[in-house]
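*Asks:* First the structure, then my questions, so here it is.
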Amino acid sequence: MKPWFSIGVAVIAAGVGFWAWQSTQQNQAPDTTSTTGAPPPPAITPEAASDPETLLQQVPALSYVDLEGDTRSLDEWRDKVLVLNFWATWCPPCREETPLFVALQDEYKDRGVQFVGIAIDDPEAVRNFIDTYGVEYPILIGDMAAVDVSRQLGNRFSGLPFTVIAAPGGKVVIRHFGGMKREQVVPILDRLTQAAKAQ
């Protein structure tokens with residue numbers, strides 16, 4: 001069995017678990033990943049991922065391989081407003097939000113905003129996807145360790161897509177599970193870019 005297939009099955013199962021849990025709550029009440037010298041933070045449980053005291057407050061200084069085989073560190077964009085998106089080609093909400101991210105990267109590229117995708121997927125499928133959708137922002141290849149990082153950032157059930165928006169310096173401002181809409185993203189980018197400009 002291909003490792004990418006196993007990863008996909010695991011993430012799908014986690015996503016199904018999330019939606020099942022969410023439905024219950026609604027009824028009840030209104031190796032491609034490497035490090036930059038330090039090991040990644042330990043994996044945390046779903047319960048801990050919902051506890052603000054255990055979540056990572058900064059985007060970790062980890063490195064991933066891009067589609068050219070080069071290792072890229074998340075620290076490369078530490079001085080930017082960073083939109084870090086965990087996604088996969090087989091994920092319908094990921095496909096839906098990609099054109100928005102492509103457009104916003106172009107719109108905000110001169111305002112200190114950098115979108116970066118971490119694909120939990122097969123590199124060849126990712127390459128075909130970015131060609132189809134015209135993705136020009138950096139796409140890095142993750143594995144289950146990257147899913148663990150998303151959990152540490154607040155992705156409670158390890159589902160996709162999951163997006164973190166961080167201010168310059170890496171402080172996490174927004175954690176969002178599921179597809180994002182323009183009206184959700186633009187006010188945050190405007191606020192963070194204006195704050196950075198005022199400093």
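Where a number appears in this text, it was derived from the coordinates with a stated rule and is not lab data. Not measured: the values here are computed from a predicted model. Using ideal geometry, Cβ is built from the backbone for each residue, glycine included, and neighbour counts are taken over all protein chains shown.
*Asks:* What is segment 97-199 by shape, rounded, prolate or oblate, if you read a ≥ b ≥ c off the alpha carbon gyration tensor as root eigenvalues and call it rounded for a/c under 1.5, prolate for a/b larger than b/c, and oblate otherwise?
*Replies:* Oblate, since a/c reaches 1.5 and b/c is not below a/b.
*Asks:* In whole Å, what are the Cα extents of segment 151-199 along the three principal axes, biggest one first?
*Replies:* Here the Cα extents, ordered largest to smallest, are 37, 23, 9 Å.
*Asks:* Per 0.36 nm of contour for each residue apart, how much would the distance between Asp190 and Leu100 grow if the chain were fully extended, relative to their Cα-Cα spacing?
*Replies:* Between Asp190 and Leu100, full extension yields an extra 30.8 nm.
*Asks:* Report, by chain and number, residues whose modeled amide H sits under 5 Å from the one on Cys91, excluding near sequence neighbours (fewer than 5 apart, same chain).
*Replies:* Answer set, sorted by chain and number: none.
*Asks:* What is the mean projected area of the alpha carbon convex hull for segment 64-115, to one decimal in square nanometres?
*Replies:* The orientation-averaged projected area of the Cα hull of segment 64-115 comes to 4.2 nm².
*Asks:* Testing the spin-label approximation: label points 7 Å from Cα along Cα→Cβ at Glu68 and Asp110. State their distance in nm.
*Replies:* Taking the simple label geometry, Glu68 and Asp110 are separated by 2.4 nm.
*Asks:* Starting from the amide H of Leu140, placed 1.01 Å from N in the peptide plane, find each other amide H under 5 Å away whose residue is 5 or more places distant or on another chain.
*Replies:* Result for Leu140 returns Gly117, Ile118, Ala119.
*Asks:* Here's a follow-up. State the Cα centre-to-centre distance between segment 52-94 and segment 149-199 in whole Å.
*Replies:* Distance between centres, Cα-based: 11 Å.
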